[in-house]
Amino acid sequence: MTAGDPVRIGTLGAARITPVALTKPARRIEGATVVGVAARDRARATEFASKHGIPQVFDSYEALIESPDIDAIYNPLPNGLHAEWTLAAIAAGKHVLCEKPFTNNAAEARMVAEAAAAKPELVVMEAFHYRYHPFAEQMRAVAAGTELGRVEHVETWVSFPLFRFNDIRYRYDLGGGAMMDAGCYATHIARLLAGGEPTVTGATAKRRGPDVDRAMKVDVTFPSGATGRINCSMWSTSLLHVEARVRGDRGEMRVRNPIAPHMFGRLTVKANGTKRRERAAKRPTYEYQLEAFCAAVRERAPILTPPADSIANMTVIDAAYIAAGMKPRGT
C-alpha cells in the first residue's frame, strides 16, 4: 500500500454490527474500502457481499487473512474468538480493528499485545467507537478540569434489553455475559472519566445460568481516592439506561448516551450555582473510528484504544467476575 491508497479491509464473518461499524462508514469516508468477506457459511457471506457491495467472498477466515489483496482485518466475531483470529491476522502481517471486548480476559489481551508489539509496523486497535467521537474528549475534559472540583465519585450505566436468551451473548464458551458486552463500555467510560485505573472492591451479579451474568454492579476505587460504580445489564429491571455521572466537591456532570453521542448525546454540568449543557456532534461515532484507524494505518497517526488500554479494561472485567464469585471468561 502506498501513500494515498485506501486501506483495503476484509471482514471476518457477517455479524450484525458490520454494516453500521464498517461498510456504511467506509462508503462515507476517504481512505477505506471493504474488499472482502469470509463467513463459515459461504451462502451467507455471498448474500452479505451482494447486499453491501463487497467484491470478494473468501471460503474461510484463513483465506481472507492470508490474501495479498487485504491490508487490514475487521474482527467482529464472538468475544471468545477475538484473540484467536486477531493473533492470526497479526501473524499474517495484517492491521486489525477488533470489536470490543478485545479478548476473553486480561491474559489473552496481554498475548495479543505482545504479538502486536513484536510487529510495531502494524496497527492493532480495539473498536471502542465512542472514544473517537469529539464528545468523548468533551466529557473527559470536564471531568479532568477544575469546574467540578475534586472528583469524589464516578458512576456509569450501560443497560439494554436482550431477551433472546439463545443469543451468543449469553454463552460462556463464546465469552458472553453482561459485564463483557455492556460492562466493557461502562468500565471503559468510568476509567476515562476518572483518569485512572480502578481497583474492584466488590461486585454482585444477576445470573443467567451458573457462569453467565445478565446484570452486574461493580464497586471500585480509583488512585485519586474517588469511588465508583459500574452498572451493566442485558436483562434486569433497568431495561434501558446509558449514562455517566461524575460528582465533584464543587459540582456534578451528567452525560446522556455517552456510547452513541451522535444520537441525542449531551452533558449537563451543575457547578458553583450555575447550569450549562453541551451537545454532541451528529456525525456517527463509527465514521470517526474508521477514519482514525485508517489514519493510523496510512500515516502512523496515534490511536486512543491500543492493546495496552485493552489489557487495563479486561483486568477490571476479570476482577469484577472474581469479586462476584464467577469465573472470568475463557478460564
Open item on the list: Restricting to Cα atoms and excluding each atom paired with itself, what does the Kirkwood estimate give for segment 93-184 in Å?
Closed with: 16.2 Å
TODO: Return the distance in nm (one decimal) between the two label points of a simple spin-label model at residue 117 and residue 224, each offset 7 Å from Cα along Cα→Cβ.
DONE: 2.8 nm
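Roughly speaking, what is the stretch gain from residue 62 to residue 245, that is 0.36 nm per residue apart minus the C-alpha to C-alpha distance, in nm to one decimal? Mind dumping the intermediate values first?
Values: separation 183, 0.36 × 183 = 65.88 nm, distance 4.37 nm.
Fully extending the segment from residue 62 to residue 245 adds 61.5 nm.
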Open item on the list: Tell me the mean residue ellipticity at 222 nm calculated for the chain from its helices only (DSSP H runs of n ≥ 4, each -39500 (n - 2.57), averaged over every residue, nearest 500).
Closed with: -9000 deg cm²/dmol
Task: Inter-label distance, nm, simple model (7 Å from Cα along the C-beta direction), residue 16/residue 167 - done: 0.6 nm
Task: Percent of beta bridges antiparallel (DSSP, the chain, rounded to nearest 5) - done: 60 percent
- [ ] Check the straight Cα-Cα distances from residue 119 and name the lysines below 26 Å, setting aside those fewer than 8 residues away within the same chain.
- [x] 94, 100
Task: Options 330, 64, 129, ranked by Cα towards positive dipole end of the chain, top entry (Cβ charges) - done: 129
TODO: With everything on Cα atoms, drop me the angle between helix 307-323 and the longest principal axis of the chain, reported from 0 to 90° to the nearest 10.
DONE: 60 degrees
TODO: Could you tally the net charge around residue 301, taking each other residue with its Cβ under 15 Å from the Cβ of residue 301, Lys/Arg +1 and Asp/Glu -1?
DONE: -1
- [ ] Quick one: give the max-minus-min coordinate of the C-alpha atoms of the chain along each principal axis, largest first, in Å.
- [x] 59, 45, 37
TODO: Give a residue-ordered list of calculated ³J(HN,Hα) values for segment 19-25 (Karplus: 6.51 cos²θ - 1.76 cosθ + 1.60, θ = phi - 60°; whole Hz; x for Gly, Pro).
DONE: x, 6, 8, 10, 5, 5, x
Task: Mean separation of Cα contacts under 8 Å (6+ apart) over length of the chain, as relative contact order % - done: 20 percent
Open item on the list: Pick from 224, 233, 310 the residue whose mean-square fluctuation is largest in a GNM of the chain, springs joining Cα atoms under 10 Å.
Closed with: 224
Open item on the list: Applying a 10 Å radius around every beta-carbon, put 157-165, 124-132, 207-215 in order of their mean neighbour count, most first.
Closed with: 124-132, 207-215, 157-165
Open item on the list: Quick check: from the Cα gyration tensor, does segment 1-142 come out rounded (a/c under 1.5), prolate or oblate?
Closed with: rounded
TODO: Classify segment 18-88 as rounded, prolate or oblate, taking a ≥ b ≥ c as the square roots of the eigenvalues of its Cα gyration tensor: rounded when a/c is under 1.5, otherwise prolate if a/b is larger than b/c and oblate if not.
DONE: rounded
TODO: Could I have the simple spin-label model distance between residue 153 and residue 204, label points 7 Å from Cα toward Cβ, reported in nm to one decimal?
DONE: 1.5 nm
Task: Net charge over other residues, Cβ less than 14 angstrom from the Cβ of residue 36 (K, R count +1; D, E count -1) - done: -2
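Each reported figure results from applying straightforward, stated rules to the coordinates on display, with no laboratory input. A quick note: this is a predicted structure, and the numbers were derived from the prediction, not measured. Reconstructed Cβ throughout: ideal geometry from the backbone, glycine too, with neighbour counts over all protein chains shown.
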